[in-house]
Each structure stands twice: as structure tokens, then as C-alpha cells.
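Written below as C-alpha cells is the structure these notes are about.
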Amino acid sequence: MILVGAVASLRFGEITALERRDVDLHAATIRVRQQFLEIKGQGLVLGPPTSRAGVRTVAMPAAVMTYLRAHLDEYVDGEPAALVFTIPSGLPIRRSSFNKLVRWQDAVASIDMPGLHFHDLRHTGNMLAAASKVSTRDLMARMGHDSMTAALIYQHASREADRAIADHLETRLNSTFRPADRDAEGPDGPGLMDR
């Protein structure tokens, strides 16, 4: 569930509403068609995703699908409508009980990430997707957004990261090559940094 959250950029309610039939092991995709919401006075309600764009199919890395296949084999009933992630009794996972159920605070403390929330996994997935340099439209489709606003935020952050990488490389190159190396012309023309 953690891997799917981090890689597929799914919302908590979308992950907990996944059924066996939504996981295509051969195509390495997950289909998002529904979500669970906790509504005061009604409890856990199954409904459509937040927006029309929320209904989507998300491609998954093969490595994550290997774990998901093992999870399906060991923990999920063979019925197409069986929930992929449940509490031990087979009931849906409630957002309100998730942290206690999986001892989330202990888990994030053990990796020196106190304060990390489950929803932060979605942000991680969005940042990773944006770093792949896909179009805004493609990023919106993966994230399940109708609006460009969120996708542009992640793409902007990705551009900033790319600029930070370039600046770091510039510093390293400048410290590696002495000024004489930059100015010197060898038999092949200008020095390395002048080419």
C-alpha cells in the first residue's frame, strides 16, 4: 500500500477502494474508478473519484507490480471485487484508524521522517512524475486532476530541482578545472571549459 501510494500518486480513498479487478498484472497498471470517503453521520461511503479526471489508469513500475502480485496472492481473495488493501478482518481501511493500525508514527520515526503523513506519499509520487519531464496534460492525467494548477506546481518544483542540479554541477566543474585549464589552448583548440 505504501509503494502504491508513493509511486501511483493515488489518494488514500482511491487506494483503499482498489479491487482485485483494478490491478492488471500483465499490463502493469492500476485502474482508479472509485474511492472511499468517511462522511460524518454516514461512515465509510464508496463513490466516484473526486473529479472526472480521477477515473484513470495508472502505469506502474514492474518492481512495484512484483510486490503487488505477491500481496494479491497472499492476502486478497480471488473474487474480482475483493478489496486489495484491508484490515485483518477483510473490511476496508478507514483513514481515521490507519495510523494506529499500521503503527505509522513508529514506522516514520524508524526512517527518521517524523511528521510524515500518508498523503505526503502522493506528493512524492507527483514530484517523481514531474521530474520525468512529461507534459502538463500527462501529469494531470496521472494525478487525476481536471485543473492545471496542481500539475504546474509540481512541474515548477521539478524545474527548480533541475536548476539546483545544474548549479551544483557548475560548482563542481569550476572547482575541478583550474583557471589555467580553462584558459589554456592545447593543440586541439580552446581548453575544456571554453568548448
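No lab work stands behind these numbers, since they all come straight from the coordinates. Source: prediction; values computed, not measured. Every residue, glycine as well, gets a Cβ built from its backbone with ideal geometry; the counts of neighbours run over all protein chains shown.
Here are some notes:
- Shape analysis of the stretch 54-131 places it in the oblate category; the axes a ≥ b ≥ c from the Cα gyration tensor give an a/c of at least 1.5, with a/b not above b/c.
- Of all DSSP-defined beta bridges confined to the stretch 26-70, some 100% are antiparallel rather than parallel.
- Asp73 paired with Leu101, simple spin-label distance in nm, labels 7 Å along Cα-to-beta-carbon: 2.4
- Gyration tensor verdict on the stretch 1-112 (Cα atoms; rounded if a/c is under 1.5, prolate if a/b is larger than b/c, oblate otherwise): rounded
- The dipole here belongs to the stretch 46-148: it is taken about the Cα centre, uses +1 on the Cβ of Lys and Arg and -1 on the Cβ of Asp and Glu, and is about 380 debye.
- As a length-normalised measure over Cα pairs under 8 Å and 6 or more apart, the relative contact order of the stretch 18-74 settles at 34 percent.
- Ordering of 63-69, 46-52 by packing [mean C-beta count within 10 Å, highest first]: 63-69, 46-52
- Each residue of the stretch 75-88 is assigned a 3J(HN,Hα), and the resulting list reads 10, 10, 4, x, 5, x, 8, 5, 5, 6, 10, 9, 7, x Hz, derived from the Karplus form 6.51 cos²θ - 1.76 cosθ + 1.60 (θ = phi - 60°), x at Gly and Pro.
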